[in-house]
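Worksheet: one structure, shown below.
The values are calculated or read from the model by the stated rules, or taken from the named source; none is laboratory data. No experiment lies behind these values; they were computed from the predicted model shown. A quick note on method: Cβ atoms are made from the backbone with ideal geometry, for glycine too, and the neighbour counts reach across all protein chains shown.
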Amino acid sequence: MSLEKADALVVKSVEYSESSLILNVFTREMGKVRGLAKGARRLKNPFETSLDLLASIRLSFIRKNSDALDLFTEAKLRRRFRPTSQNLRGLYAGYYVAETLDFATVDYVPAPDLWTLTDATLERFQFRGNVAARLAYFEAGLLNSMGEFPSVRHCVDCGEELPLERVSNLERRVFFDASSGGIVCSRCRATKRHFGLTQTTIGALKVFDVSLEGAEKTLQTARTLENWRRAREEETTGLSSIDKSDRETQTRLALEALDDETLVPYESFPRGARVAYRELVEKYICQVLRRRPRSLDWLPFALSRSKTTVETEAR
Ligand SMILES: [Zn+2]
């Protein structure tokens, strides 16, 4: 047994006995951790009611050596996940993120980049627009972290290249085998058996492709943000509250500008390509996870066209 501390996101919560919870959390330092939070459902408890789904917390726990559940002893809230009623899209997309993470992550196998990307994604779901773009970047980062990012430029059988940049017709159909993890050229399609064969479009493959770039940009922005916040905390210790709030506003504006740039790769595609991408990625993620997340039922609502996306498309 050892005492551990970790930054964690709550990805699953189940009531246990009258007063406790069993939780799956995804930690920055140690990957997935499952544990028992004794007394968490009591009014007074050591978790400060910080164990809601998708809360970002600083967790203390006792790691058990046997198969027994770890024991969560204390939690401090870093950020609650509570999108406003105007942003229900972010809420439903958040449920999908929680469920896929719970399925995809492995006990005590760290994935720090995926953690940072997820934490940044949830923060943006909550406070900022374009849920669809941020979700696509999360999906790319998740698949990449699992070593399952699909082959969108080379046939999975013979390796023949599909020169994605040079094909301008986004509607052109391409064969994709979800069980082999990528595109299949017409020759291999005719000569070999494929068990997860489906059709997609060049547009969908391109969205997949740029989403990986978007995930990388989101990560860089998140790291910059983290450093600025840390520096700001140190700097502002001696300042008056007016200077402090002034500086905060400046920092927030600078970050917003920085963050909006991360959306460019996704937003450059027309609606048809994005719709084809959703169809493809959902099929593929179900294949990779070997099950269908229940939260997929709500995603169409989360991604339905909001006023902001209509405006973006009109640009
Ligand atoms: Zn081939």
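Structure data summary
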read-out	value
Residue match in the stretch 296-308 (condition: modelled with pLDDT under 75 and buried (at least 17 other Cβ atoms within 10 Å of the Cβ))	yes
Strands (runs of 3 or more DSSP E) enclosed by the stretch 1-89 - at least 1 residues per element that are farther than 17 Å from Tyr108 by Cβ and of a type in the set (Ser, Thr, Tyr)	2-16, 20-27, 56-63, 70-79
Residue within the stretch 224-241 that is of a type in the set (D, E, K, R) and either closer than 29 Å to Gly272 by Cα or part of a strand (DSSP E or B) (or both) present	no
For Asn144: the one exception among (1) on the phi > 0 side of the Ramachandran plot; (2) more than 16 Å from the ligand (Cβ to nearest atom)	(1)
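Residue by residue, here is whether (1) touching a helix residue (DSSP H, G or I) at 6+ places or on another chain (Cβ under 6 Å); (2) surrounded by fewer than 22 Cβ atoms within 10 Å (Cβ to Cβ); (3) at pLDDT below 95 holds:
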{"position": "Tyr16", "(1), (2), (3)": "no, yes, yes"}
{"position": "Ser19", "(1), (2), (3)": "no, yes, yes"}
{"position": "Ile22", "(1), (2), (3)": "no, yes, no"}
{"position": "Thr27", "(1), (2), (3)": "no, no, no"}
{"position": "Arg34", "(1), (2), (3)": "no, yes, no"}
{"position": "Lys38", "(1), (2), (3)": "no, yes, yes"}
{"position": "Asn45", "(1), (2), (3)": "no, yes, yes"}
{"position": "Glu48", "(1), (2), (3)": "no, yes, yes"}
{"position": "Asp52", "(1), (2), (3)": "no, yes, yes"}
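Rundown of residues vs (1) over 24 Å from Ala257 (Cβ atoms); (2) within 16 Å of the ligand (Cβ to nearest atom); (3) touching a residue at least 24 places away in the same chain (Cβ under 8 Å), yes/no style:
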| site | (1), (2), (3) |
| --- | --- |
| Thr116 | no, no, yes |
| Arg124 | no, no, yes |
| Glu160 | yes, yes, yes |
| Leu170 | yes, no, yes |
| Ala190 | yes, yes, no |
| Asp209 | yes, no, yes |
| Thr224 | no, no, yes |
